[in-house]
Amino acid sequence: MVGAGGMLGQDVEADVSLTRSQLDVTDRDAVRAVITGDDIVINCAAWTDVDGAEEHEDEALRINREGARNVAEAAGAVLYVSTDYVFDGTKREPYVESDPVNPQSAYGRTKLAGERVTAEANPRHYIVRTSWLFGPGGKNFVETMLGLGPEVRVVDDQVGSPTFTGHLADALARLARTEDYGVHHLTASGSCSWFEFAREIFARAGSDTRAEPCTTADFPRPAPRPAYSVLGSERGHRLPSWQEGLDAYLGVRV
Ligand SMILES: NC(=O)c1ccc[n+]([C@@H]2O[C@H](COP(=O)([O-])OP(=O)(O)OC[C@H]3O[C@@H](n4cnc5c(N)ncnc54)[C@H](OP(=O)(O)O)[C@@H]3O)[C@@H](O)[C@H]2O)c1
């Protein structure tokens, strides 16, 4: 696995786990020296600064597209982790694997480019789109919320599926043992707005902090986010619910 130092990477179990300092995926020669055609590689390496990508799209592309190509060319099979931000968010029912993509942000464009080069470079590819990750290995929305108080305003007009990295990591490992190649949507079951997620975090963590709903327009950000990016799977994937993910996370966080 590459990108092992990230939030998701820390939860994925693999025979060999390489952080950025051990393998920089943008270094084609280094990738070819380390990854061989016998390897099934889970690619968790990415530029994930969504707002920063608006100003630094070329740098984001270098990792999310060129890095992805290097890994896919060298590996026997490759699993590229992608995002709900490849969709524009105008649908009002879950996006399935065959729905047309239309990224609205630079980050979404670079991740879609990564999907495409991965698929072109290696017929044995799994493109796994997921969303709204939280887990013990990184800075995440749950920790941000629990660090605030006594009252927070949280956007109520973006809806998605908060997904626990522990649940996703298990599903990735299972998928990579199959020959079920192609595009897969893997997110927690159910959906909510960020405000509803925050309210549930405070309730389940026993916090006194009060959440108040607000709109995306109240908190302008450089990168546009889809208003609705719930993913469904026409391939039959089903992870535990986001509430179960939240409970599991609250049980393991330190
Ligand atoms: N977080 C989310 O809500 C979310 C939602 C949907 C999809 N995803 C996707 O899920 C995957 C994992 O995301 P994450 O949340 O775990 O992100 P993350 O915590 O930012 O992890 C990304 C990792 O990639 C590493 N990396 C960056 N450039 C690299 C390079 N050139 N070579 C090797 N490694 C490099 C980073 O290392 P440094 O920290 O040292 O730079 C970091 O350890 C990504 O593909 C992301 O697009 C995430």
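The values are calculated or read from the model by the stated rules, or taken from the named source; none is laboratory data. Note that the structure is predicted; figures quoted are calculated from it, not measured. Here Cβ is always computed from backbone atoms with ideal geometry, including for glycine, and neighbour counts include all displayed protein chains. Quick note on the areas: whole protein, heavy atoms, side chains included, nothing else; ligands and nucleic acids left out. Shrake-Rupley method; radii C 1.70, N 1.55, O 1.52, S 1.80 Å.
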Residue 103 fails exactly one of the following numbered conditions: (1) within 18 Å of the chain's Cα centre (by Cα); (2) farther than 18 Å from residue 185 by Cβ; (3) surrounded by fewer than 24 Cβ atoms within 10 Å (Cβ to Cβ). What is the number of that condition? (2)
Condition set within 19 Å of residue 66 (Cβ to Cβ) and in contact with a helix residue (DSSP H, G or I) (Cβ under 8 Å, 6 or more places away or on another chain), scope the stretch 2-18, selection surrounded by the fewest Cβ atoms within 10 Å (Cβ to Cβ): answer is 18
Among the residues of the stretch 114-136, which ones are within 12 Å of the ligand (Cβ to nearest atom) and surrounded by fewer than 19 Cβ atoms within 10 Å (Cβ to Cβ)? 136
Condition check for residue 59: within 10 Å of the ligand (Cβ to nearest atom) and open to solvent by 50 Å² or more (accessible area, probe 1.4 Å): yes
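How about the stretch 205-222: which of its residues are open to solvent by less than 30 Å² (accessible area, probe 1.4 Å) and either within 24 Å of residue 189 (Cα to Cα) or in contact with a Phe, Trp or Tyr (Cβ under 6 Å, 6 or more places away or on another chain) (or both)? Write out each step before concluding.
Just the residues of the stretch 205-222 that are open to solvent by less than 30 Å² (accessible area, probe 1.4 Å), to begin with: 209, 211, 214.
Scanning the stretch 205-222 gives 209, 211.
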So, in the stretch 23-51, of the ones that are near the ligand (Cβ under 10 Å from one of its atoms) and more than 22 Å from the chain's Cα centre (by Cα), which residue ends up farthest from residue 115 (Cα to Cα)? 30
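Return a yes/no flag: does the stretch 3-23 have any residue that is assigned to a strand (DSSP E or B) and without any contact (Cβ under 8 Å) to a residue 40 or more places away in the chain. Quick ask: steps written out before the conclusion?
From the stretch 3-23, those assigned to a strand (DSSP E or B) are 18; that's our starting set.
If we keep only those that are without any contact (Cβ under 8 Å) to a residue 40 or more places away in the chain too, we end up with 18.
Checked the stretch 3-23: at least one residue is assigned to a strand (DSSP E or B) and without any contact (Cβ under 8 Å) to a residue 40 or more places away in the chain.
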Residues 199, 153, 177: which one is more than 21 Å from residue 3 (Cβ to Cβ), out of contact with any helix residue (DSSP H, G or I) (no Cβ under 9 Å at 6 or more places or on another chain) and basic (Lys, Arg)? 199
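Within the stretch 178-188, work out how many residues are open to solvent by 20 Å² or more (accessible area, probe 1.4 Å), in contact (Cβ under 8 Å) with a residue 12 or more places away in the chain and either in contact with a Phe, Trp or Tyr (Cβ under 8 Å, 6 or more places away or on another chain) or not charged (D, E, K, R) (or both).
To start, the set of residues in the stretch 178-188 that are open to solvent by 20 Å² or more (accessible area, probe 1.4 Å) comprises 178-181, 183.
Subset that is in contact (Cβ under 8 Å) with a residue 12 or more places away in the chain: 179-181, 183.
Narrowing the set further to residues that are either in contact with a Phe, Trp or Tyr (Cβ under 8 Å, 6 or more places away or on another chain) or not charged (D, E, K, R) (or both) leaves 180-181, 183.
Final tally of qualifying residues: 3.
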For the stretch 150-171, pairs from a residue that is free of Cβ contacts under 8 Å to residues at least 60 places away in the same chain to a residue that is more than 11 Å from the ligand (Cβ to nearest atom) and aromatic (Phe, Trp, Tyr), with Cβ under 6 Å and 6 or more apart or across chains, are 156/195
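Residues being near the ligand (Cβ under 8 Å from one of its atoms) and closer than 14 Å to residue 165 by Cβ: count how many of those fall in the stretch 11-22. Let's see the steps before the verdict.
Within the stretch 11-22, the first condition is being near the ligand (Cβ under 8 Å from one of its atoms), and the residues that meet it are 18-21.
Those still in the list that are closer than 14 Å to residue 165 by Cβ too: none.
Summing the residues that are near the ligand (Cβ under 8 Å from one of its atoms) and closer than 14 Å to residue 165 by Cβ in the stretch 11-22 gives 0.
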Restricting the stretch 203-226 to residues that are touching a strand residue (DSSP E or B) at 6+ places or on another chain (Cβ under 7 Å) and hydrophobic (A, V, I, L, M, F, W, C), the residue that is nearest to residue 165 (Cα to Cα): 211
